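A quick write-up on the structure given underneath.
The values are calculated or read from the model by the stated rules, or taken from the named source; none is laboratory data. Small disclaimer: the values here were computed from a predicted structure and weren't measured. Note: ideal-geometry Cβ built from the backbone for every residue, glycine included; neighbour counts use all protein chains shown.
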Amino acid sequence: MRKLVWGAVGAAVLVGAGVAVVSVATADSGGHYRVAVATVGDVSQTVSVSGTVDRVNRADISFGTAGVLSTLSAGVGDTVSAGQELGAVDTSALQAAVDKASSDVDRAESTLSAAESAVEEPADDSSPVGSLVGQVKDAQSAASAALKAASDAVAGQSAACADPAAPACTAAGAAAMTAQQTVKSAQEALQAKLDALSSALAAESSREQAAPSAGSVADAQASVDQAKVKLVEAQQALAGARLVSPISGTVASVSAAVGDRVAANTAVVVVVGEGAVDLSATVAVEKLADLAVGQSASVTPVGTSERIAGKVTRVGTVPDPAADTVAYPVTVTIDEPPASLAAGSSATASVVVATAKDVLTVPASAVNRGSVTVLTGDQTTVTRVTTGAVGPTRVEVKEGLKAGDQVVLANLDAPLPTSDGNSRGSGGFIGGGPESGPAGGGPGGNVRIRPGG
């Protein structure tokens, strides 16, 4: 503790809100200090992020199918409406594919209809097989009877021809010959019936094999389904030959010309609409926990002093692979952007991560390693403080001070540090050095303090 003696010019001179310069003298020598008064106010702690602006209402329009660009009616700066056609690729081959697919569907449906009708027709019960079986049996009986008659005739011939010259032998021989002819005829008739039965059985088998079944109907239905899928694909490819804007807005870029071959799903025209813009930025991992969706932000376009209200709408949980260091993506949305926030421009956002209202505050430069120097009468005392929210210029003090306390910002007689480590002139600050920072709990810990009040 140092005891101070007020000098002849010790009257306080107000420099700013709660800031004064007083001249004091110790018993040994004179001294001058810049001091500030601890006052009640609001403090907002912020995190600064920078990035690129882009429209939320933006459409990167591409063809759904590859082809040669045949028409293009969009130019940079043109105003377009939602649903407006901007270009097309050649459709001759695409239309031919649709026509073929449509014909394939018709054929498949015709095959299905025939299969369903055949399955529903009743079976034909008037088969000739049953009748032929009866005829074969009759022919077999006739042949058997003819064989027996022939056998009897041969036996009679043998008996009658004991005397070959007898007239009875001649008659018996003629009867045997007739009986044998009857056997031959009966056997030929039987064979004819057997052949007819065999043909009828083969025809019956062929009809059974060719008859439609539930399985054949299912196969025909599958063919119809496949043909319809190919038709839809062909129709989609034809529809993809048109370049249509899904939004109303202004054409921002065109990347192809008539005659160029364009790939599917590759942007040819970019249209930006009215409304909100997004500032896409990244934040270091040590600041990630401070950010949350819904926090307010003040956005400043690069090269201006304009401050535009925004809000955090996205905080990434996976590091940005394009960042040079470990950083996480953050999106700040501006609902009513001015012209200065054009798509592709750069901007900085100051995101409010903590707010303290009606709290005791001191200038940030008064805090040095969790302590402040308090001027009471003619004495200075180094006092430990507990800090809370840390704003760009003022720090919340939760414990250690009371409203009205004067804190020393700088000893105006102390030598100023130089870049080479030597001292030059006077006016050294109490706080705000590179190693300075409030401590004692709260979000103010480890925050670099800038010199000045």
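At a glance:
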{"quantity": "Residue ID - surrounded by the most Cβ atoms within 10 Å (Cβ to Cβ), chosen from residues in segment 278-299 that are of a type in the set (Ser, Thr, Tyr) and more than 17 Å from residue 44 (Cα to Cα)", "calculated": "282"}
{"quantity": "Lone qualifier among 332, 367, 359 - being under 17 Å from residue 295 (Cα atoms), surrounded by 16 or more Cβ atoms within 10 Å (Cβ to Cβ) and at pLDDT 90 or above", "calculated": "332"}
{"quantity": "Any hit, segment 22-39, residues being in a loop (DSSP other than H, G, I, E, B), loosely packed, with under 13 Cβ neighbours inside 10 Å and either at pLDDT 90 or above or among the aliphatic types (A, V, I, L, M) (or both)", "calculated": "yes"}
{"quantity": "Residue among 264, 347 that alone is more than 21 Å from residue 389 (Cβ to Cβ), modelled with pLDDT of 90 or more, in the same structural domain as residue 73 (by TED's automatic domain parsing) and among the small types (Gly, Ala, Ser)", "calculated": "264"}
{"quantity": "Residues (buried (at least 16 other Cβ atoms within 10 Å of the Cβ) and more than 9 Å from residue 139 (Cα to Cα)) located in segment 181-195", "calculated": "182, 183"}
{"quantity": "Segment 306-326: number of residues that are at pLDDT below 90 and either in a strand (DSSP E or B) or exposed (fewer than 14 other Cβ atoms within 10 Å of the Cβ) (or both)", "calculated": "8"}
{"quantity": "Filter pass, residue 217 being β-branched (Val, Ile, Thr), farther than 30 Å from residue 108 by Cβ and at pLDDT 70 or above", "calculated": "no"}
{"quantity": "Residue within segment 115-128 that is modelled with pLDDT of 75 or more, of a type outside the set (Val, Ile, Thr), within 27 Å of residue 233 (Cα to Cα) and surrounded by 14 or more Cβ atoms within 10 Å (Cβ to Cβ) present", "calculated": "yes"}
